[in-house]
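Enquirer: Shown below is the structure under consideration.
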Amino acid sequence: MLRSKQKPFEEILRYLEGENRVFILGCDGCAQASGTGGPVQVAEMKSKLEAEGKTVTGTDVVPFLCEKALIKSRLARKAKAVMSADSILVLTCGVGIQAVAASVNKLCHPGCDTQNLGGSRGEWPGSERCAECAECVLELTGGICPLTACTKHLLSGQCGGASKGKCELSPDRDCGWELIYHRLKALGRLDKLSYLAPPKSWAKMAPDPAIMSSPEYALEMPAVKEASGE
Ligand code: SF4
Ligand code: SF4
């Protein structure tokens, strides 16, 4: 399970500045369980954005937004509504937002921050990874996480050591910041590279005691114990 928290509405509105048409996508898995991106929250977000004068071209709630094949097949049914939007607002965890951004050639805005569960993570089939940093910066990076795609976890651009698109520290890996550059270029949004990510509060990556005592966390514990051999 990846637990998420909706970003403040004012922040979401800032992401949508200059855009009139948006498609809202939610997840009926972890985001629904977190109360951040299930059918109820997607309907609420639609009403709030329409009250702000935005046109919501459509909505969908996909069973698991971490599964790219599922995302593509579901969105294919709503292709007209998706493609007529300026962007997609994704209400789910960092893995789901990245999976959507990798599946659709459309700017994706993160509607949630993924909270730290103290190393207790669910399993998902794709390559996208989220470090549960609680301050999602996917808005600035074309939907590729710099904390997990870059070996040094750099937040504000390439280190300069990449060679032929590969990472200086792990030559078998693509340089995360080159991936981000190419994604933003394909979206026509290289302007986002001129915004520096704010300094990260690493303290927010400490698991919240309230989460650790939640029913969702208790459900994760058997899997965590099994993985650690306890
Ligand atoms: S920036 Fe990366 S680590 Fe932080 S919430 Fe987003 S996807 Fe997860
Ligand atoms: S080469 Fe790229 S992925 Fe590797 S540390 Fe530098 S910026 Fe990060």
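The values are calculated or read from the model by the stated rules, or taken from the named source; none is laboratory data. None of the values given here were measured: they were computed from a predicted structure. Every residue, glycine among them, receives a Cβ derived from its backbone with ideal geometry; neighbour counts consider all protein chains shown.
Enquirer: Quick one: which of 77, 129 is among the basic types (Lys, Arg) and within 16 Å of ligand 2 (Cβ to nearest atom)?
Expert: Just a single option satisfies the conditions, and that option is 129.
Enquirer: All but one of (1) surrounded by fewer than 23 Cβ atoms within 10 Å (Cβ to Cβ); (2) over 22 Å from residue 137 (Cα atoms) hold for residue 19; which doesn't?
Expert: Checking residue 19 against (1) surrounded by fewer than 23 Cβ atoms within 10 Å (Cβ to Cβ); (2) over 22 Å from residue 137 (Cα atoms), the one that fails is (2).
Enquirer: Name, by its number, the condition in (1) surrounded by 20 or more Cβ atoms within 10 Å (Cβ to Cβ); (2) within 16 Å of ligand 1 (Cβ to nearest atom) that does not hold for residue 61.
Expert: (2)
Enquirer: Can you find, within the range 123-148, the residue that is modelled with the lowest pLDDT among those that are touching a Leu at 6+ places or on another chain (Cβ under 6 Å) and among the small types (Gly, Ala, Ser)?
Expert: It comes out as 131.
Enquirer: Turning to a different aspect of this structure: Residues being part of a loop (DSSP other than H, G, I, E, B) and of a type in the set (Asp, Glu): count how many of those fall in the range 46-67.
Expert: Counting residues in the range 46-67 that are part of a loop (DSSP other than H, G, I, E, B) and of a type in the set (Asp, Glu) gives 2.
Enquirer: Under the condition of being closer than 17 Å to residue 24 by Cβ and either in a loop (DSSP other than H, G, I, E, B) or within 16 Å of ligand 2 (Cβ to nearest atom) (or both), which residue from the range 86-119 is farthest from the chain's Cα centre (by Cα)?
Expert: 86
Enquirer: Output the residues belonging to the range 156-176 that are touching a Phe, Trp or Tyr at 6+ places or on another chain (Cβ under 9 Å) and more than 7 Å from ligand 2 (Cβ to nearest atom).
Expert: Within the range 156-176, just 157 meets the criteria.
Enquirer: Next question, about the same structure. I'm trying to understand the selection: among the residues of the range 126-141, which are part of a loop (DSSP other than H, G, I, E, B), within 12 Å of ligand 1 (Cβ to nearest atom) and not polar (S, T, N, Q)?
Expert: 128, 129, 130, 131, 132, 133, 134, 135, 136, 137 - these are the residues of the range 126-141 that are part of a loop (DSSP other than H, G, I, E, B), within 12 Å of ligand 1 (Cβ to nearest atom) and not polar (S, T, N, Q).
Enquirer: Could you tell me whether any residue of the range 142-155 is within 10 Å of ligand 2 (Cβ to nearest atom), buried (at least 17 other Cβ atoms within 10 Å of the Cβ), of a type outside the set (Asp, Glu) and over 12 Å from the mean Cα position of the chain (by Cα)?
Expert: Taking every residue of the range 142-155 in turn, at least one turns out to be within 10 Å of ligand 2 (Cβ to nearest atom), buried (at least 17 other Cβ atoms within 10 Å of the Cβ), of a type outside the set (Asp, Glu) and over 12 Å from the mean Cα position of the chain (by Cα).
Enquirer: Of the residues 30, 66, which single one is over 27 Å from residue 190 (Cα atoms), touching a residue at least 12 places away in the same chain (Cβ under 8 Å) and under 19 Å from the mean Cα position of the chain (by Cα)?
Expert: Among 30, 66, only 30 is over 27 Å from residue 190 (Cα atoms), touching a residue at least 12 places away in the same chain (Cβ under 8 Å) and under 19 Å from the mean Cα position of the chain (by Cα).
Enquirer: For the range 1-30, enumerate the residues that are part of a helix (DSSP H, G or I), over 19 Å from residue 84 (Cβ atoms) and touching a helix residue (DSSP H, G or I) at 6+ places or on another chain (Cβ under 7 Å).
Expert: Scanning the range 1-30 gives a single hit, 9.
Enquirer: Can residue 48 be described as touching a helix residue (DSSP H, G or I) at 6+ places or on another chain (Cβ under 9 Å), surrounded by fewer than 20 Cβ atoms within 10 Å (Cβ to Cβ) and either polar (S, T, N, Q) or over 21 Å from residue 128 (Cβ atoms) (or both)?
Expert: yes
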